[in-house]
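The structure appears below as structure tokens.
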């Protein structure tokens with residue numbers, strides 16, 4: 001698999017990894033403590049730390065060989081497999097929703113779930129002999145893939161090519177709060193964060209870096225909405241009659257009844273409920289329409305039809321996706337696609353007659 005180098009970026013923790021230390025005298029432990037102080041509420045379930053933020057569930061195993069799991073509101077599960085090595089000490093829970101995996105190579109891995117559901121996986125380099133590259137397998141089921149973004153971040157796509165999560169641009173800080181050049185490299189589902197300590201002068205250890213991962217939220221909005229009341233729906237016929245005989249013409253009668261329900265067109269993956277809420281229709285609304293009508297005198301061969309009437313809505317569906325950043329509890333939304341013109345119909349008790 002061809003390796004893709006995303007590029008060198010140096011970003012503040014404010015982007016997704018937390019808050020930049022207030023002064024150069026703050027140490028790596030201060031950076032970590034700021035993050036641990038903002039972790040989600042969690043509890044132990046067996047050997048796992050489980051955090052639920054209301055719309056995201058995260059499972060942090062205490063076994064480093066088990067992947068971290070993020071479950072999005074729509075049911076999509078994103079897994080993050082951690083770098084493993086001979087452990088220098090048993091893994092342990094630190095903070096409410098964080099687990100420390102101390103490795104035998106002078107580094108440790110600390111996955112933590114922030115209070116808004118963003119997953120941070122800190123890598124801590126103790127000294128100049130520590131590794132400077134950390135590889136994670138980030139997946140959204142079988143057949144998923146990673147795509148580089150111009151800002152240095154990464155999109156996680158599922159097997160259908162739909163965005164399941166976003167990895168924020170990487171950051172790395174030394175013990176004095178100075179940014180260290182860092183980048184991601186992609187190889188299939190493998191995401192490697194490279195921390196280029198050799199390119200920085202006077203690095204103060206420990207150095208902390210992380211991928212920050214947010215599940216992707218999906219929202220549907222209605223645009224270009226218009227309504228027509230008492231509209232005749234010629235696609236829903238209640239009954240018909242035809243004048244078969246009669247000298248000089250005759251009459252015919254329609255006597256019929258039909259249950260007529262609401263119909264709502266959807267697009268871009270939106271459900272009927274999504275659209276119904278946006279156009280203020282009830283998807284379960286229906287009427288029993290009864291017709292008892294006699295035609296005026298007309299020539300033999302003339303026919304008449306009765307159709308349902310009601311409210312017609314014309315609209316387009318927009319698909320928006322969003323991701324959270326640390327410090328924000330609402331996703332940052334972006335429009336990705338707009339549908340063609342769609343239609344919905346909600347019946348009333350009336351009917352219309354025509355030929």
Worksheet item: For the range 114-127, does any single residue satisfy the condition of being farther than 27 Å from residue 330 by Cα, surrounded by fewer than 23 Cβ atoms within 10 Å (Cβ to Cβ) and in contact (Cβ under 8 Å) with a residue 24 or more places away in the chain?
Response: yes
Worksheet entry | Considering residues of the range 146-177 that are assigned to a loop (DSSP other than H, G, I, E, B) and under 20 Å from residue 131 (Cβ atoms) only, the residue modelled with the highest pLDDT | 170
Worksheet item: Looking at residue 216, is it touching a helix residue (DSSP H, G or I) at 6+ places or on another chain (Cβ under 7 Å) and either outside the structural domain of residue 120 (by TED's automatic domain parsing) or within 30 Å of residue 52 (Cβ to Cβ) (or both)?
Response: no
Worksheet item: What are the residues in the range 268-290 that are over 19 Å from residue 217 (Cβ atoms) and in a loop (DSSP other than H, G, I, E, B), if any?
Response: 280, 281, 282, 283, 284, 285
Worksheet item: Just for the range 64-108: of the residues that are in a strand (DSSP E or B) and more than 29 Å from residue 205 (Cα to Cα), which one is modelled with the lowest pLDDT?
Response: 71
Discussion item. Scan the range 334-346 and tell me whether some residue there is out of contact with any strand residue (DSSP E or B) (no Cβ under 6 Å at 6 or more places or on another chain) and under 30 Å from residue 70 (Cβ atoms).
Written reply: yes
Practice prompt. Working carefully through the options 273, 226, find the one that is free of Cβ contacts under 8 Å to residues at least 40 places away in the same chain, surrounded by fewer than 17 Cβ atoms within 10 Å (Cβ to Cβ) and not assigned by TED's automatic domain parsing to the domain that holds residue 108.
Written response: 273
Fill in: Qualifying position, being farther than 30 Å from residue 223 by Cβ, crowded, with 17+ Cβ neighbours inside 10 Å and under 43 Å from the mean Cα position of the chain (by Cα), among 238, 264
238
Worksheet, complete the sentence: Inside the range 128-173, the number of residues satisfying the requirement of being on the phi > 0 side of the Ramachandran plot and crowded, with 16+ Cβ neighbours inside 10 Å is 1
Worksheet, complete the sentence: Filter the range 200-223 for residues that are in contact (Cβ under 8 Å) with a residue 24 or more places away in the chain and over 24 Å from the mean Cα position of the chain (by Cα); the one that is nearest to residue 134 (Cα to Cα) is 209
Practice prompt. Could you tell me which of the residues 327, 340, 301, 310 is surrounded by 13 or more Cβ atoms within 10 Å (Cβ to Cβ) and in a loop (DSSP other than H, G, I, E, B)?
Written response: 327
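The values are calculated or read from the model by the stated rules, or taken from the named source; none is laboratory data. What you are looking at is a predicted structure, and each value in this text was computed from that prediction instead of being measured. Cβ atoms come from the backbone with ideal geometry, glycine included; neighbour counts cover every protein chain shown.
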